[in-house]
Amino acid sequence: MTRSGPEPGAGRHEHGVAMTRGRWADLLGLVCRLALGGVLLVAGLLKVGDPTGSIQSVVAYRLFDYRVSEMIGLMLPVVEIALGLLLIVGLLTRWSAAVGAVLMLVFIAGIASAWARGLSIDCGCFGTGGPVDPSDTAYLTEILRDAALFAAGAWLVVRPRSLLAVDTVLFRRPPAAGSAAPESRHTAPSVPKGAS
Amino acid sequence: MPRPPAPVPPPPRSGPPVALIGGVVALAVVLVAVVVYVVLRPDPVGTGDNASITGSGSSPSALRDAGGIRVGDAGDDVPAVHIYEDFQCPWCGLLEEVSGEAFTEAALAGDIQLTYTLMSFLDGNLGNDSSLRAANAAMCADEQGAFVDYHATVFAGQPPNEGDGWTDEQLTGFAEDAGVEDIEAFTACVEAGTHNDYVTDMQTRSNQEGVSGSPRVFIDGEELSNEQMQALMSDPTALTGILAGR
């Protein structure tokens, strides 16, 4: 902040700037929630209606025994849908985002391992998994997408507050001792909070 | 214009504990996941050795434990060729167009022991049930000894757009073209889905065996390479070369 020195109304103005900045972060939080949550929800919905294909997508990675592939193929979509819904409505944001981010890391590892082993598969992320023509593999794109979604999750773990989140209503934090900020909100601040 | 005063937050209270809500949600998700697993889990298929037709399969040429449809019966002394394909898969159509006759002629001549596993996973991808119905119809044709011709006719009659599938009338039309004699019995078999369970089991068994796509060709249990598959899809004489090179 470049302004210095108290002017009439300066306090309120400064306050407004701080609000805006926080609001931007809240908005970014909302975007992260919708991106990670939306992708997880769609991915889960597309797979849950096609159990055979979902299992097959896991089998295609050639990483697990069939029984394990079957469990992952059938249960992962449920987890994805649940995380997607939680993130979209903003409930338990930090924890959902943490699990979502970990999932993205796992997916990245899986895709990278398929790439490294020279398999020609679709990531199966959205249910259309399985082998593809070697020239049609899109490992890098898939990894970059999942990395971006991981970043979205990581942001929410660090700063879970966001716009339009159920969390804000449900877990409204009582004004904590020592934090004067909430208090100053409902008295017209006449003293500038300084340029800190 | 003066800003309206911000609403006064409610007095400090202890809201619902995050850990409790989190725990309940996590438990609910796990419960649903387990229920989904139990409900949707395909019945496991035995993967016992089924080298020969025992007559206990769903149709006359069907092997036990959804092991596939046998063409001819050339015995164990010749190379065992196992083809995994889905009737709706365009690459399978190309494979059949180019090398289908080579496979079936070699099998009927006793040069290879040929087995087809008819997969149906594309139904889920494409959002229809044509793979299942066509595979069932092929086994209906098998009841009348017309599997080979019916199989070839369906692939030749693939829709121009993957995913358009076939109507029951089209499946019946293929039977007429393939020389199925008792069309009435065939139609009844198609409409009843007589072999649907076997077809579903063939797909499950494919997943169990790690065959995650189509077309796949195995010779004596060894998967053909991309180059060999491309040869089979472009050169009608490729099979001879591949067999000779073994």
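The values are calculated or read from the model by the stated rules, or taken from the named source; none is laboratory data. It should be emphasised that the depicted structure is a prediction, and the values quoted were computed from it without experimental measurement. Backbone-built Cβ (ideal geometry, glycine too); neighbour counts: all protein chains shown.
The table for this structure:
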read-out: Filter result (more than 22 Å from the chain's Cα centre (by Cα) and facing another protein chain (nearest Cβ under 8 Å)) within segment A:55-93; value: A:55, A:56, A:57, A:59, A:60, A:62, A:66, A:69, A:70, A:71, A:74
read-out: Enumeration of residues in segment B:107-122 that are surrounded by fewer than 23 Cβ atoms within 10 Å (Cβ to Cβ) and in contact with a helix residue (DSSP H, G or I) (Cβ under 8 Å, 6 or more places away or on another chain); value: B:108, B:111
read-out: Of residues in segment A:20-54 being over 19 Å from residue A:95 (Cβ atoms) and touching a Leu at 6+ places or on another chain (Cβ under 6 Å), the one farthest from the other protein chains (Cβ to nearest Cβ); value: A:27
read-out: Breaking point among (1) of a type outside the set (D, E, K, R); (2) within 14 Å of chain B (Cβ to nearest Cβ); (3) assigned to a helix (DSSP H, G or I), for residue A:113; value: (2)
read-out: Exclusive hit being within 14 Å of chain A (Cβ to nearest Cβ) and among the small types (Gly, Ala, Ser), set B:124, B:110; value: B:124
read-out: Verdict on residue B:202 being aliphatic (A, V, I, L, M) and modelled with pLDDT under 95; value: no
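Conditions tested, residue by residue: (1) in a helix (DSSP H, G or I); (2) modelled with pLDDT of 95 or more; (3) more than 21 Å from residue B:45 (Cβ to Cβ).
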position	(1), (2), (3)
B:73	no, no, yes
B:82	no, yes, no
B:88	no, yes, yes
B:114	no, yes, no
B:132	yes, yes, no
B:135	yes, yes, no
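Every residue, every condition in (1) surrounded by 17 or more Cβ atoms within 10 Å (Cβ to Cβ); (2) in a helix (DSSP H, G or I), yes or no:
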{"residue": "B:140", "(1), (2)": "yes, yes"}
{"residue": "B:148", "(1), (2)": "yes, yes"}
{"residue": "B:151", "(1), (2)": "yes, yes"}
{"residue": "B:154", "(1), (2)": "yes, yes"}
{"residue": "B:164", "(1), (2)": "no, no"}
{"residue": "B:184", "(1), (2)": "no, yes"}
{"residue": "B:201", "(1), (2)": "yes, yes"}
